[in-house]
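*Asks:* For reference, the structure I am asking about is given below.
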Amino acid sequence: MMLVPCYLAPSSIEGLGVYSTQPILKGDIVWAFDDRFDRLIPKDEIASAPEHLRIFFERYCYDMPNSPDCLALDADEGRFMNHADLPNLDFSSPDRGIALRDIPAGEELTCDYREFTVGEVVFLGPRHHVSKANGVAHH
């Protein structure tokens, strides 16, 4: 769950990205897994879901190393966080994301998927059609 006020906007990385509305200081906890809202879904339930849900889960779920039989799904904008080889958030602990440096308001929040992905990181093609001219997302 995002712990800072944020919004979705077009990303130069891919489709939509997550942006904070306020400055973030180095060391601030920006995201934390909150089981009141975020969900751990058993992998066998995902495997038996209808195809359109499996496609959704493949894109927005991620591994939780401390729950190897489940995938995690964020309840909020966190699911749109994009990968960067040099991210501004540290997700080396599976239950929180911490700012690696001061991040100004309006900068895209990024993480390194390799910090929590079991096995190879697979990047899927764009799901959202975003018009960068007017910032409108089409599904």
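*Asks:* Give the residues of segment 81-100 whose amide nitrogen is closer than 14 Å to a point set 7 Å from the Cα of I13 in the direction of its Cβ.
*Replies:* 81-92, 97-100
*Asks:* Taking amide H positions as placed 1.01 Å from N in the peptide plane, with prolines and chain starts having none, which residues 5 or more places from V18, or on another chain, fall under 5 Å of its amide H?
*Replies:* Amide H to amide H, under 5 Å and 5 or more residues apart or across chains, V18 pairs with N82, L109.
*Asks:* Show me, for segment 92-99, the HN-Hα J-couplings you get by feeding each phi into the Karplus relation (A = 6.51, B = -1.76, C = 1.60, θ = phi - 60°), rounded to Hz, glycine and proline as x.
*Replies:* Along segment 92-99, the couplings run 5, 9, x, 9, 7, x, 10, 5 Hz.
*Asks:* If Lys and Arg each add +1 and Asp and Glu each add -1, what is the summed charge of the other residues whose beta carbon sits under 10 Å from the beta carbon of D76?
*Replies:* -3
*Asks:* I need the phi-derived Karplus couplings for segment 8-21: 6.51 cos²θ - 1.76 cosθ + 1.60, θ = phi - 60°, integer Hz, Gly and Pro marked x.
*Replies:* Working through the residues one at a time gives 9, 8, x, 10, 6, 7, 5, x, 9, x, 9, 10, 7, 7 Hz.
*Asks:* If you take the beta carbon distance between R101 and A49 as r and set R0 to 41 Å, what does 1/(1 + (r/R0)^6) give as a FRET efficiency, to the nearest 0.05?
*Replies:* Values: r = 39 Å, r/R0 = 0.94.
With R0 = 41 Å, the Cβ-Cβ based efficiency is 0.60.
*Asks:* Could you pull out which residues in segment 1-25 have an amide N less than 19 Å from a spot 7 Å beyond the Cα of L86, following the Cα-Cβ vector?
*Replies:* Zone members listed by number: 12-14.
Bear in mind that the values in this text are calculations on the coordinates, not laboratory data. As the structure is a prediction and not an experimental result, all values here were calculated from the model. Virtual Cβ from ideal backbone geometry, glycine too; neighbours counted across all protein chains shown.
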